[in-house]
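See below for the structure under consideration.
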Amino acid sequence: MNKIRGSIIGLGKMGLSHAAIVGAHPAVEFAAVCDTSSMILDGFKKYTKVHTYSDYKKMIDNEKLDFTVIATPTKYHYPMVKYAFDNNVNVFCEKPFTLLSSEGQELVEIAASKWLVNQVGYHNHFIGTFRELKRLLQENVIGELVHFSGEAYGPVVTMEKGSTWRSKPEEGGGCLFDYASHVINLIQEIIGRPEQVNGALLKSIYSKGVEDAVYSLLTLESGLTGTLLVNWSDETYRKMSTSLSLQGKKGKIICDATEIKIYLKEPNQKEKLEKGWTIKYITEFALPVNFELRGEEYSAQIDYFVDNIISKKNGSLNTFSQGLYTDKVIEMIIEKAKKN
């Protein structure tokens, strides 16, 4: 089988992770990387045969790529994705998709018109427990839903410190774009699309210029209401912890990346779930991957992207269109917070 040629633009933490996964993929020829750091590029020159560039346009012009992975700050996503699309290159873009939904809409339309494979890096959809949660909801295991809560906490900003791109809203920094986008996207694709923001608070704790916490009341298309609670200045967590909780008339489900806890008022014979609490762990649901790094979900999303390119079809997970809707919800939250 002929390998497809791939590249990475942006070699920060996520970009380097993607580079390791792409480089190990049996169906991919890892052709090139692009970054502005000469130190990182020197490392690739010294230890790999991958071609290195400081200009993404030159890389795309020279390398005859089948795909590129874009892992730069969000403000660069639009011009980079557009240039790749203009050259018929399939794109995996890190989240959030774009800073402006108008830009995202243009990219969605270009992808559709050119039949280019497109995917956004919301990796939680490749975590087995969240996939199981979606299935259980589709099976109506806890009955009619009455409330939901999407939460995420972590120790990103735990003291006042100097400015980086993460502290600049014009570059896609702040808890809303960086952390809360993950939770919004999970709510959107597992429970239902938010169509109304009833209240929003963007709270600065240590940062100047961006929020460190996001608290919002959402109404979904179905009429179900719930809460979005996200704080990246919580040092009681070792790393980002994301969870969804749902209350139904027949029970309750609490789900995170490591386990899913199901409470039922009555047993469910079809699902082999007893009355009361049942706890299932990620080991029951983990996806098989070509190469595991930082958790199988990071490799699984790239495997899925590559498979779609080879089969010349767009998948149903994490499309640009879905990423665009998350961006629109972010804009609704920002507008509501301004009115408070």
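All of the numbers you see were taken from the coordinates with simple rules; none came from a lab. Quantities reported herein were computed from a predicted structural model and do not represent experimental measurements. A quick note on method: Cβ atoms are made from the backbone with ideal geometry, for glycine too, and the neighbour counts reach across all protein chains shown.
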Least to most buried among Leu264, Leu220 (fewest other Cβ within 10 Å first): Leu220, Leu264
Nearest 10 degrees, 0 to 90: helix 296-311 Cα axis against the chain principal axis: 60
Choice from Tyr281, Tyr153, Tyr179 showing the highest fluctuation, given a GNM over the chain with Cα pairs closer than 10 Å: Tyr281
25 °C / 0.890 mPa s Stokes-Einstein diffusion coefficient of the range 204-340, Kirkwood radius on C-alpha pairs, µm²/s: 131
The range 261-273 - phi-based ³J(HN,Hα) in whole Hz, Karplus 6.51/-1.76/1.60, Gly and Pro as x: 10, 10, 10, 10, 6, 9, x, 10, 5, 4, 8, 6, 10
Nearby lysines by direct alpha-carbon distance to Lys265 (threshold 22 angstrom, same-chain neighbours under 8 apart not counted): Lys134, Lys249, Lys250, Lys252, Lys275, Lys280
Rounded to 10°, Cα long-axis angle of helix 101-114 versus longest principal axis of the chain: 70
Relative counts (whole %) of C-alpha pair distances in the range 74-122, using bins that are 5 Å wide: 5, 24, 38, 26, 7
Karplus-derived 3J(HN,Hα), 6.51/-1.76/1.60, for each residue of the range 187-193, Hz, glycine and proline x: 4, 4, 8, 9, 9, x, 6
C-alpha long axis of helix 77-86 to longest principal axis of the chain, angle in °: 60
Dimensionless Rg over Rh [the chain; C-alpha; Kirkwood]: 0.98
Sorted by Cβ neighbour density within 10 Å, fewest at the top, the residues Asp307, Asp256: Asp307, Asp256
Using distinct alpha-carbon pairs, which all enter the 1/r mean, Kirkwood radius of the range 46-94 in Å: 11.4
Ordering of 19-31, 44-56 by burial proxy (mean other Cβ atoms within 10 Å per residue, highest first): 19-31, 44-56
Residue exposure sequence - Val156, Val120 - by fewest surrounding Cβ within 10 Å: Val156, Val120
Span from the the range 94-163 Cα centroid across to the the range 30-77 one, whole angstrom: 26
Interatomic Cα distance distribution for the range 48-172, bins of 10 angstrom, percent: 10, 30, 28, 24, 7, 1
